[in-house]
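See structure below.
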Amino acid sequence: MMLFMPTVVLFFQENGLELFDIMLIQAIYSVTIALLEIPSGYAADVFGRKNSMIVGTFFGLAGIIIYAFSFGFFCFLPAALCMGIGQSFVSGSDTALMYDSLLELKREKDFIKLEGRTISMGNFAEAVAFVIGGFLAEITLRTPFYYQIGIAAIGFFTALLLIEPKVYKLSDGKKKPWKNIRNIIRFALKENKTLRYFILYSSIIGAATLTMAWFVQPYYKLLDINVIYFGIIGAVLNIAVAIPSFYAHIIEEKIKTRYLLIFFLTALSICYFLVSQFVTLWSLVLLLIFYIVRGIATPVLRDYMNRHTPSEMRATIMSIRSFIIRIVFASISPLLGYVADVYTLPQALLFSGILFLCLGGTTLIFLLQNSKKSY
């Protein structure tokens, strides 16, 4: 429930940042997450997913407080670092905690249904936040951050109430952490080929949706949409994620895996190409389709990964996926921001679509070849 998201780009610009600076801060945020993703995921596997969630929500709260009272690029950096640390400790731990809780209850088949509902509830909350945040931004662009402090505090205290499921612990987990991390990475990215390609493909899809999320607000400005409507449009887009996420388990049952995998990449790439070529209010329909696909893809791809992941290394492996997403985003986002600043935003979107189609298409070919007997 991020109240500042509907106008965060405008907030940065009001404080003297250009699109390149904004993308650079997001790249630093992503690198921070990337560097800590796998170690934090491993810590969650060894010391507990609940403890990891507590650490993550604490740093998230600290980051919001710094943002609320800071000005300028270099003042925003500590906030981005805190938010990055917080996100890295939450990422992977949340999915692992849910899946292993269901495993303990012998309900692991319900994961995609409940993960879809979780994503759906989160996006409904974000939709509400976009509407409220848009109106709060009418007071000042900084006002949403003040209210966000209270929401972040609720998240922290909620983490204290989580219940840790019983899971298999890594042998010598506390004694040989780096050796065990290397072994898990080797298992996920070398030994288990099916899991490797699912991780890579899911990461590319995740990076594609993350990149679009940071382009939508400049795109609204390009369409000459009044800032008061940013929140309402953002709410609609989040509902577009929420509804298909809620029914993702039904969609997965009805459509074969290989067709879904092909559909995800094809649909997202086409949306990138079309919004870059047709800069009209009708392009909002294309963004709606993009977010609908995102709503289906996220829980489905997480479910596919969890099926091939041992319980004792689940948080670490989910963190490997997040690590790759952040590395991809951090590598390309400053370049895309530069293209948007020096050339045009549509050219940056077109370049993004080509890039993700090439990366995702190559990975998808290997994934389908390796999994052709199963899918």
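Which of (1) in contact (Cβ under 8 Å) with a residue 60 or more places away in the chain; (2) surrounded by fewer than 20 Cβ atoms within 10 Å (Cβ to Cβ); (3) farther than 27 Å from residue 267 by Cα is the odd one out, the single condition residue 179 does not satisfy?
The failed condition is (1).
If residue 304 meets every condition in (1) surrounded by 21 or more Cβ atoms within 10 Å (Cβ to Cβ); (2) among the hydroxyl-bearing types (Ser, Thr, Tyr); (3) part of a loop (DSSP other than H, G, I, E, B) apart from one, which number is that one?
Going through (1) surrounded by 21 or more Cβ atoms within 10 Å (Cβ to Cβ); (2) among the hydroxyl-bearing types (Ser, Thr, Tyr); (3) part of a loop (DSSP other than H, G, I, E, B) one by one, residue 304 breaks only (3).
Identify all residues within the stretch 332-353 that are out of contact with any Leu (no Cβ under 8 Å at 6 or more places or on another chain), part of a helix (DSSP H, G or I) and without any contact (Cβ under 8 Å) to a residue 60 or more places away in the chain; write none if there are none.
Those that are out of contact with any Leu (no Cβ under 8 Å at 6 or more places or on another chain), part of a helix (DSSP H, G or I) and without any contact (Cβ under 8 Å) to a residue 60 or more places away in the chain: 335, 339, 342.
Search the stretch 203-248 for residues being over 18 Å from residue 5 (Cα atoms) and outside any helix (DSSP H, G or I), and hand back the single one that is modelled with the lowest pLDDT.
247
Quick check on the stretch 102-139: of everything there that is out of contact with any helix residue (DSSP H, G or I) (no Cβ under 9 Å at 6 or more places or on another chain) and outside any helix (DSSP H, G or I), which residue is surrounded by the fewest Cβ atoms within 10 Å (Cβ to Cβ)? Step through it out loud before you land on a result.
Looking only at the stretch 102-139, we keep the residues that are out of contact with any helix residue (DSSP H, G or I) (no Cβ under 9 Å at 6 or more places or on another chain), and these are 104-106, 139.
Filter once more, keeping what is outside any helix (DSSP H, G or I): 105-106.
Values: 105: 10, 106: 8.
Here the residue is 106.
Name, by its number, the condition in (1) of a type in the set (A, V, I, L, M, F, W, C); (2) farther than 21 Å from residue 203 by Cα; (3) in a helix (DSSP H, G or I); (4) at pLDDT 85 or above that does not hold for residue 162.
Among (1) of a type in the set (A, V, I, L, M, F, W, C); (2) farther than 21 Å from residue 203 by Cα; (3) in a helix (DSSP H, G or I); (4) at pLDDT 85 or above, the lone unmet condition for residue 162 is (3).
Quick grid of which residues meet (1) of a type in the set (Val, Ile, Thr); (2) surrounded by fewer than 20 Cβ atoms within 10 Å (Cβ to Cβ); (3) in contact with a strand residue (DSSP E or B) (Cβ under 8 Å, 6 or more places away or on another chain):
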residue: 201; (1), (2), (3): no, no, no
residue: 211; (1), (2), (3): yes, no, no
residue: 225; (1), (2), (3): yes, yes, no
residue: 248; (1), (2), (3): no, no, no
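Residue under question is residue 229, and the condition is that it be hydroxyl-bearing (Ser, Thr, Tyr), closer than 23 Å to residue 111 by Cα and out of contact with any Lys or Arg (no Cβ under 9 Å at 6 or more places or on another chain); does it hold? Steps first, please.
Numbers: hydroxyl-bearing (Ser, Thr, Tyr): yes; closer than 23 Å to residue 111 by Cα: no; out of contact with any Lys or Arg (no Cβ under 9 Å at 6 or more places or on another chain): yes.
Spelling it out, it is not the case that residue 229 is hydroxyl-bearing (Ser, Thr, Tyr), closer than 23 Å to residue 111 by Cα and out of contact with any Lys or Arg (no Cβ under 9 Å at 6 or more places or on another chain).
The values are calculated or read from the model by the stated rules, or taken from the named source; none is laboratory data. Computed from a predicted structure; not experimentally measured. Glycine gets a Cβ as well: all are built from the backbone with ideal geometry, and neighbour counts include every protein chain shown.
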